[in-house]
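The values are calculated or read from the model by the stated rules, or taken from the named source; none is laboratory data. For clarity, every value in this text was computed on a predicted model and none was experimentally measured. Here Cβ is always computed from backbone atoms with ideal geometry, including for glycine, and neighbour counts include all displayed protein chains. Areas reflect the complete protein model, heavy atoms only, side chains present, ligands, DNA and RNA absent. Shrake-Rupley method; radii C 1.70, N 1.55, O 1.52, S 1.80 Å.
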Amino acid sequence: MRTIYKYPIRSVGEQVFNLPRHAKFLHVGWDPSETLNIWAEIDTDFPMEERFVYVYGTGFEIKEDPNLISYLGTVTCDSFIWHVYYEKLPHQ
């Protein structure tokens, strides 16, 4: 079944998620409960695989190879600004 799920994320660092293969990241932002989340379009019929997400504050060093990650979006909260990337997969 194709659907959209949301996944809470921490505000800094590398994070690993188990998502169905071919999951497509759509948006990063705050939900009504003020939790930082990523929304992804998934197909629950596909097998699970690990997906890596990286969150950096402004001015933080981005250590990942720029050819291996994609930018998802930027979120703000008061004076804090975070930039979210995800690891590209060979089948993307």
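Brief remarks on what is shown
- For Rg/Rh (Cα atoms, Kirkwood Rh), calculated from these coordinates, the label among (1) 0.96; (2) 0.94; (3) 1.12: (1)
- Note on exposure: Trp30, Trp82, Trp39 ranked by accessible area (1.4 Å probe, complete protein assembly) read Trp30, Trp39, Trp82, with the most exposed listed first.
- Largest accessible area first, the listed residues Ser70, Ser79 line up as Ser79, Ser70 when surface is computed with a 1.4 Å probe on the assembled protein chains.
- Accessible surface computed residue by residue for the chain, with neighbouring protein chains in place and a 1.4 Å probe, gives 64 Å² per residue.
- Exposure of Lys88 as accessible area (Å², to 10), given a probe of 1.4 Å and all protein chains: 90
- Backbone amide hydrogens, once placed in the peptide plane, bring Leu26 within less than 5 Å of Trp39, Ala40, Glu41, excluding anything fewer than 5 places away on its chain.
- Near Ile42: Cβ cut-off under 13 Å, other residues only, Lys/Arg at +1 and Asp/Glu at -1. The net charge is +1.
- Proximal charge balance of His27 [Cβ under 13 Å; K/R count +1, D/E count -1]: 0
- Extension gain, Ser79 to Glu14: 0.36 nm times the residue separation minus the Cα-Cα distance gives 21.2 nm.
- Counted charge near Lys88, where neighbours are those whose Cβ lies closer than 11 Å (Asp, Glu -1; Lys, Arg +1): -2
- Glu34 accessible area, 1.4 Å probe, all protein chains in place, Å² to nearest 10: 150
- For the pair Ser33 and Glu50, label points projected 7 Å from Cα toward Cβ lie 2.7 nm apart.
- Nearby lysines by direct alpha-carbon distance to Lys88 (threshold 16 angstrom, same-chain neighbours under 8 apart not counted): Lys24, Lys63
- Carbon plus sulfur fraction of accessible area for the chain, probe 1.4 Å, in percent: 54
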